[in-house]
Each structure stands twice: as structure tokens, then as C-alpha cells.
Amino acid sequence: MQLRRKWVSALAALALVLAIAAGCGAPADRAKVDNLVVSVIDVGQGDAILIRTPGQVTLIDSGDVPARDKLVAYIRKQGITAIDTLVITHPHADHLGGAVTILDNFTVRRIYDSGQVTTSALYRQYLAAAKKKNIPFALLAGGQEVDIGGGTLKILNPPPTPFGGEAGVNNNSIVARLVYGNFAMLLAGDAEQDAEAAMVKKYGANLKSQVLKSGHHGSRTSSSPAFLKAVAPEAAIISVGAGNEYHHPHPSVLKRYGDNKYKIYRTDTDGTVTVTSDGKTYTIAKER
């Protein structure tokens, strides 16, 4: 509870926590899409997931600092000048690092955050930029839903009482199940096995999704057998940097995926991976 109070206090001090009506604001300036398009962007060792629906543009995470110019260039190439919703799953640099550059280069209409507070310069700069631009800012927790213009993000994590311990920041990541018609994609942030176990207990078969964006870049701390059984994906997408120092994805995770006969996609070998769905069927395309 003390940690939660610190989260809210820090955000309240910035006068950013506002009540946000789902889908508020004018339509974003974008190249029109007729269906769901989800791009797991190749930002090296980090996460940046661009979601386009006929109604809105959503960006989940923003990669690390070295990839920020590449991220901006990719989004601009899609004909996008405004982002309806920016979600920062947790304040580690490989998810937060490009946030200020996104705010400087695009009109961002609302920000959602996990409420975790860190002392890093990147985190302080991100909050300061959001405050300066007076962008509506709110926290997300399990049980909430976010309208993304024809689709929905069903928030599964963090829990009301945050996880503690060394892995707390990862375990308190925002995890969302993207639902578009009969298609679902689970976006696992950096959630580790404690968070996975809690989600399996709470949601069970409601985690089921055709596609999984792997938790924590394919680390062995995530993708537990029970979690994978509940999600039961047909394909897994791992956002990961080539030759990274963490040795992601871990061989044991790749074996687990292989044993389950998932189609495996990796941004380090495949480049940006794009999922397209009309709400009934879906396709997955690799950049290379």
C-alpha cells in the first residue's frame, strides 16, 4: 500500500491524473487502415508495439534510447502524425527510452502508465514532458479496459496490490489482451512468472489468444508452462536485440515454444513483425 501511495502521490504532484473517457479526442492523423494492424517494431533490445485500427493509433512502449530515431522514422513512414494512446508498461529504459522523443515528434492525446516510480533521469524526463504538454495521464490496473477504436485492450496486470521484491518492476508491467472481433493477441510486457501465475489464477481460459507477444524478451523468467497452457497461442513474437548481453531469448523458452509447435517470430532475425486481422482470421508478416 505504501508503494501504491507513492505512485499516486508522484503523479498527483504533477497534476496529470485525469478522468479519461475511452476514445476521447479527434481521430488521429494516419494512413487509413481497414482492419487491425499490429507491428512489433524492431527496436533492438526493447519493446515498441504499434497498433492501428480503423479508429485509432496506439503505441505500447517506446524502445530504448538508441532506437528512438528509428522508431520515429517507422511511425512516420506509416503516415502517422498523431498517436491517440501511448501506453508505458513499466519504467525500464528498454520500454521507456523513446517516450520523450515520441512526445516531441507526434501529437499524443493520452498516456497510460503502470504507476511505478523510479529515480532514473529517463523517467523524470518522460513525466516532465507529459506535464509540459498537458497530456491526460492515468494509471492502468488489471480489470480495466481501454477502447482503441474498434478494438479493446483488456488489462490483466498489474494487480491492485503490487508485487514487491527484486522482480517487482517487471511483474508490475501492464499486460493487455488485445481483442479485435474474434482475434486476440496477448501483450505480456516484461511480466515474470509470479505475475503469470496470478493471471492464470484470476483469468484462466480468458487468457486464450491466437498470438503471444512474449514476456520479457523470451527470458527464462517468463513463459511458464502454466501460463502458456492458458494462453495457448498459435504463434509467439519475441521482441529482442541481436547478440544482446542478456542472452534473450533463452534456449529453454525456445524449446518450450517448439514443443508446443508455436510459430516463432523474432525481431532480431525477422525485423519488424506485423500481425493483420479482420477480426476473423489473421496473418503474420516478417520484414526480412
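Selection of segment 58-80 for residues being farther than 19 Å from residue 113 by Cα and of a type in the set (A, V, I, L, M) yields 67, 71, 72, 73, 75, 80. Sub-8 Å Cβ pairs linking a first residue in segment 245-266 that is within 21 Å of residue 47 (Cβ to Cβ) to a second residue that is part of a loop (DSSP other than H, G, I, E, B) and of a type in the set (Asp, Glu), at least 6 apart or interchain, are 262/234; 263/234, ordered by first then second residue. Selection of strands (runs of 3 or more DSSP E) fully inside segment 147-224 by the criterion of at least 2 residues being crowded, with 20+ Cβ neighbours inside 10 Å, in contact with a Lys or Arg (Cβ under 9 Å, 6 or more places away or on another chain) and without any contact (Cβ under 8 Å) to a residue 60 or more places away in the chain returns 152-157, 183-187.
Considering only segment 102-114, I want to know if a residue exists there that is at positive phi, surrounded by 23 or more Cβ atoms within 10 Å (Cβ to Cβ) and at pLDDT 95 or above. No, there is no match, as no residue in segment 102-114 is at positive phi, surrounded by 23 or more Cβ atoms within 10 Å (Cβ to Cβ) and at pLDDT 95 or above.
Looking at (1) surrounded by 13 or more Cβ atoms within 10 Å (Cβ to Cβ); (2) part of a loop (DSSP other than H, G, I, E, B); (3) among the hydrophobic types (A, V, I, L, M, F, W, C), which one does residue 230 not meet, given that it meets all the others? Among (1) surrounded by 13 or more Cβ atoms within 10 Å (Cβ to Cβ); (2) part of a loop (DSSP other than H, G, I, E, B); (3) among the hydrophobic types (A, V, I, L, M, F, W, C), residue 230 violates only (2).
Within segment 43-58, residues that are farther than 16 Å from residue 187 by Cα and in contact (Cβ under 8 Å) with a residue 24 or more places away in the chain sit with their Cβ atoms under 9 Å from residues that are assigned to a strand (DSSP E or B) and among the charged types (D, E, K, R), at 6+ positions apart or across chains, in these pairs: 55/147; 56/147.
When each of 211, 200 is tested for being of a type in the set (A, V, I, L, M, F, W, C) and either farther than 20 Å from residue 48 by Cα or in contact with a helix residue (DSSP H, G or I) (Cβ under 8 Å, 6 or more places away or on another chain) (or both), the lone residue that passes is 200.
The requirement of being surrounded by 15 or more Cβ atoms within 10 Å (Cβ to Cβ), modelled with pLDDT of 95 or more and either touching a helix residue (DSSP H, G or I) at 6+ places or on another chain (Cβ under 7 Å) or of a type in the set (D, E, K, R) (or both) is not satisfied by residue 275.
Of all the residues in segment 149-205, those that are of a type in the set (Gly, Ala, Ser) and either on the phi < 0 side of the Ramachandran plot or in contact with a Cys (Cβ under 6 Å, 6 or more places away or on another chain) (or both) number 13.
Here the condition is being at pLDDT 95 or above, closer than 18 Å to residue 129 by Cα, out of contact with any His (no Cβ under 9 Å at 6 or more places or on another chain) and not in a strand (DSSP E or B); of 43, 72, it holds for 72 alone. Go through segment 233-259 and give me each residue that's aliphatic (A, V, I, L, M), buried (at least 17 other Cβ atoms within 10 Å of the Cβ) and part of a loop (DSSP other than H, G, I, E, B). Correct list: 240 only.
Per-residue answers, yes or no, for (1) out of contact with any Leu (no Cβ under 7 Å at 6 or more places or on another chain); (2) modelled with pLDDT under 65; (3) part of a loop (DSSP other than H, G, I, E, B):
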{"residue": "4", "(1), (2), (3)": "yes, yes, no"}
{"residue": "12", "(1), (2), (3)": "yes, yes, no"}
{"residue": "30", "(1), (2), (3)": "yes, no, yes"}
{"residue": "34", "(1), (2), (3)": "yes, no, yes"}
{"residue": "39", "(1), (2), (3)": "no, no, no"}
{"residue": "55", "(1), (2), (3)": "yes, no, yes"}
{"residue": "63", "(1), (2), (3)": "no, no, yes"}
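Assess whether residue 141 counts as being assigned to a loop (DSSP other than H, G, I, E, B) and within 22 Å of residue 206 (Cα to Cα). Yes: the conditions hold for residue 141.
The values are calculated or read from the model by the stated rules, or taken from the named source; none is laboratory data. A quick note: this is a predicted structure, and the numbers were derived from the prediction, not measured. Ideal geometry is used to build each Cβ from the backbone, glycine not excepted, and the neighbour counts take in all protein chains shown.
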